[in-house]
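The values are calculated or read from the model by the stated rules, or taken from the named source; none is laboratory data. Remember, predicted model here, so these are calculated numbers, not experimental data. Don't worry about glycine lacking a Cβ; one is built from the backbone with ideal geometry, like all the others, and counts go over all protein chains shown.
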Amino acid sequence: MSDRDWQQFLDTAVHDLRSQLRTIATSCGLLSEEMSDNTAELTQRLDDGIARMTALLKALDEYSLALHVEDSSFGPVPTESVVRSALSEIASMVKDTAAIVDYTPLPSVNGNWELLSTLFRNLLTNGLQYRGPSPPRLTISAERDDDAWRFAIRDNGIGIDARYHDQIFTPFKRLHASDKSGSGLGLATCKRIVEHHGGRIWVESTIGDGSTFFFT
Ligand code: ADP
């Protein structure tokens, strides 16, 4: 199947699953009104399951958007504004983790605003999610690399063993599945987005010493 066909397949699946999930969520809401204290835990578990499925469907939707991109959607994109908008989307996570986020002046590139925003949001969210014992510290920078820009997002988190540096970019590959929430699609989506922009993405990292994600 071509990427375009996969995109149509995923869009239909996500749409149908979402409408089923909405029905379940509505019924769960009604059920919790009828229930006693004893069963509150049960509805709480249902609510948690609904929230996880909603997040997975959002991740599938974003992966689908990154499968096939029309050239006509490209234009000049000021990446500093993209970073500001991505940070405002994850503002509550930044606040809850007491993270410090800095960025150097960032360039304007030719690209798709929405996809670039998803790219930065996914990488920044991971930097907060896979944090170490001290509050997360994220630094975003960009340097000229021949006729391209090379962006770097550095964190002070738990780090990634070298043997997984390639694997983490494949769909559903997760190294911390049991204790952290997530879909395993974030970096696979980032890879697609970067490749649509004619670039590549990679990580440099050592366990316990943070990670830096680079992309051109
Ligand atoms: P997830 O939804 O699990 O975060 P991703 O595709 O974004 O999926 O990442 C894949 C896996 O790579 C994660 O489950 C995590 O184990 C690892 N990972 C990603 N980003 C980082 C990071 N900044 N620091 C440490 N590990 C990371």
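Can you find a residue that is in contact (Cβ under 8 Å) with a residue 60 or more places away in the chain and either among the hydroxyl-bearing types (S, T, Y) or touching a Cys at 6+ places or on another chain (Cβ under 9 Å) (or both) anywhere in the range 186-193? Break it down into steps so the answer makes sense when it comes.
We begin by selecting, within the range 186-193, every residue in contact (Cβ under 8 Å) with a residue 60 or more places away in the chain; these are 186-190, 192-193.
Going one step further and asking which of them are either among the hydroxyl-bearing types (S, T, Y) or touching a Cys at 6+ places or on another chain (Cβ under 9 Å) (or both), we end up with 189.
Yes, that holds for at least one residue.
Given the options T79, T97, T125, T118, name the one that is free of Cβ contacts under 8 Å to residues at least 40 places away in the same chain and either within 25 Å of F9 (Cβ to Cβ) or outside the structural domain of S19 (by TED's automatic domain parsing) (or both). Give the steps one after another, and end with the answer.
Numbers: T79 fails: free of Cβ contacts under 8 Å to residues at least 40 places away in the same chain; T125 fails: free of Cβ contacts under 8 Å to residues at least 40 places away in the same chain; T118 fails: free of Cβ contacts under 8 Å to residues at least 40 places away in the same chain.
Just one listed residue meets the conditions, T97.
A quick yes/no check of all residues on (1) crowded, with 19+ Cβ neighbours inside 10 Å; (2) closer than 25 Å to G75 by Cβ; (3) touching an Asp or Glu at 6+ places or on another chain (Cβ under 9 Å):
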| residue | (1), (2), (3) |
| --- | --- |
| S108 | no, yes, yes |
| E143 | no, yes, no |
| H165 | no, no, yes |
| F169 | yes, no, no |
| K173 | no, no, no |
| S181 | no, no, no |
| T206 | no, no, yes |
| F215 | yes, yes, no |
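Let's see how each residue does on (1) under 16 Å from S85 (Cα atoms); (2) assigned to a loop (DSSP other than H, G, I, E, B):
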{"site": "P105", "(1), (2)": "yes, yes"}
{"site": "E143", "(1), (2)": "no, no"}
{"site": "S183", "(1), (2)": "no, yes"}
{"site": "V203", "(1), (2)": "no, no"}
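Return the residues of the range 173-205 that are within 17 Å of L119 (Cα to Cα), near the ligand (Cβ under 8 Å from one of its atoms) and hydrophobic (A, V, I, L, M, F, W, C); say none if nothing qualifies. Spell out the reasoning first.
Within the range 173-205, the subset within 17 Å of L119 (Cα to Cα) is 182-203.
Restricting the remaining residues to those that are near the ligand (Cβ under 8 Å from one of its atoms) gives 182-190, 203.
If the condition is that a residue be within 17 Å of L119 (Cα to Cα), near the ligand (Cβ under 8 Å from one of its atoms) and hydrophobic (A, V, I, L, M, F, W, C), then L185, L187, A188, C190, V203 are the ones that fit.
Answer with yes or no whether I160 is among the β-branched types (V, I, T), touching a helix residue (DSSP H, G or I) at 6+ places or on another chain (Cβ under 9 Å) and within 7 Å of the ligand (Cβ to nearest atom). First the steps, then the outcome.
Numbers: among the β-branched types (V, I, T): yes; touching a helix residue (DSSP H, G or I) at 6+ places or on another chain (Cβ under 9 Å): yes; within 7 Å of the ligand (Cβ to nearest atom): yes.
Yes: the conditions hold for I160.
Mind listing whichever residues of the range 163-172 are of a type outside the set (V, I, T) and either more than 9 Å from the ligand (Cβ to nearest atom) or not in a loop (DSSP other than H, G, I, E, B) (or both)? If the condition is that a residue be of a type outside the set (V, I, T) and either more than 9 Å from the ligand (Cβ to nearest atom) or not in a loop (DSSP other than H, G, I, E, B) (or both), then R163, Y164, H165, D166, Q167, F169 are the ones that fit.
Can you say whether S2 is among the small types (G, A, S), more than 21 Å from the chain's Cα centre (by Cα) and either loosely packed, with under 11 Cβ neighbours inside 10 Å or at negative phi (or both), as far as the supplied structure shows? Can you show your working first?
On the way: among the small types (G, A, S): yes; more than 21 Å from the chain's Cα centre (by Cα): yes; either loosely packed, with under 11 Cβ neighbours inside 10 Å or at negative phi (or both): yes.
Taking the combined requirement at face value, the residue satisfies it.
Within the range 31-40, being exposed (fewer than 10 other Cβ atoms within 10 Å of the Cβ) and in a helix (DSSP H, G or I) holds for E33, E34, D37, N38.
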